[in-house]
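Chemist: This is the structure I have questions about; it appears just below.
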Amino acid sequence: MSSEIITYSKIREYQREERTKPILVKLPDNAVELIQIYLKEKKTMLEKNKDDSNLFSQDVYSRIEYELKNAIRSIANIFEIREKKIIDKAFHTSKNDIKIKDTTNMLYFEKRLFTQLVELFNNYNENCIIAVLKNNKPVFDAVCSADNENEAGEHKVLKREETFLNKELGSDKILIRITSDVPSFQWEDDTKMGPFRVEDTVFVPKKLGTLLINQKKAIEVTKK
């Protein structure tokens, strides 16, 4: 696994597997390092072709920018799906009082998240649920003290990839979800686009996104 490299196709493959499998997908042990190398290389290539007036360089820039934006979205989606699986696993581990904690296919920081969640659920069960059943007052400072921050914190987590994209790559694209298969085609400046499959979530030029939405082939993914 250590010699494996991360490509856009591999990222999309991990995303599809994570979406369809009920358990955590096995990622390379050095997945974080590989992802960071991939992102750094793509951003370096963008900078190299950014101000070049050559038509070939402009086409390269457009293709790399398109790939990078969608890769960032896919990577964020992969880890958000994994978060949900880890939360669910932690809940059932605590609920069923499972002594041996299964951290199969978890990355090192995901293992820490899982362990802390199990402890959190255990404390909640003991100090709140059991307290209510014993006619005692529920006391759980770890939850109560964070009440006012929950909504804002959730918003930050769900929108982290949009924040990164707006900061790093600008906001001249639109995020859409494909509702009908679209074969590959040539867009403006002979840029190849697609193919897009149903349920794909992609960044595309605003003009193209509006066209696909009007053709009932996509819907805009709006920020909440």
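The values are calculated or read from the model by the stated rules, or taken from the named source; none is laboratory data. In this text, all values refer to a predicted model and were calculated from it rather than measured experimentally. Neighbour counts are summed over all protein chains in view; Cβ atoms, including those assigned to glycine, are modelled from backbone coordinates with ideal geometry.
Chemist: Which count do you get for residues in segment 67-78 that are surrounded by fewer than 20 Cβ atoms within 10 Å (Cβ to Cβ) and not aliphatic (A, V, I, L, M)?
Modeler: Number satisfying all stated conditions: 2.
Chemist: What residue, of ASP59, ASP52, is modelled with pLDDT under 95, more than 14 Å from the chain's Cα centre (by Cα) and farther than 23 Å from PRO195 by Cα?
Modeler: The match here is ASP52.
Chemist: Continuing with this model, one more query. Just the residues that are under 25 Å from ALA31 (Cβ atoms) and among the small types (Gly, Ala, Ser), please, taken from segment 90-125.
Modeler: ALA90
Chemist: Counting only residues that are of a type in the set (S, T, N, Q) and part of a loop (DSSP other than H, G, I, E, B), which one in segment 183-205 is farthest from ARG12 (Cα to Cα)?
Modeler: THR191
Chemist: Might you check whether a residue that is touching a Ser or Thr at 6+ places or on another chain (Cβ under 7 Å) and surrounded by 14 or more Cβ atoms within 10 Å (Cβ to Cβ) occurs anywhere in segment 37-46?
Modeler: No, segment 37-46 contains no residue that is touching a Ser or Thr at 6+ places or on another chain (Cβ under 7 Å) and surrounded by 14 or more Cβ atoms within 10 Å (Cβ to Cβ).
Chemist: Here is a further query. Condition (residue is at pLDDT 65 or above and among the aliphatic types (A, V, I, L, M)) applied to segment 133-142: is it met by at least one residue?
Modeler: yes
Chemist: Let me ask you something else. If you check ASN150 against the conditions, is it farther than 17 Å from LEU68 by Cβ, at pLDDT 70 or above and either touching a Leu at 6+ places or on another chain (Cβ under 7 Å) or in the same structural domain as SER74 (by TED's automatic domain parsing) (or both)?
Modeler: When the stated conditions are applied, ASN150 does not pass them.
Chemist: Still on this structure: Would you point out the residue of segment 177-191, among those that are under 20 Å from ARG73 (Cα atoms) and surrounded by 13 or more Cβ atoms within 10 Å (Cβ to Cβ), that is farthest from the chain's Cα centre (by Cα)?
Modeler: Applying the filter and picking the extreme gives VAL182.
Chemist: Is it the case, given these coordinates, that GLU110 is closer than 23 Å to GLU18 by Cα, surrounded by 15 or more Cβ atoms within 10 Å (Cβ to Cβ) and either modelled with pLDDT of 90 or more or aromatic (Phe, Trp, Tyr) (or both)?
Modeler: yes
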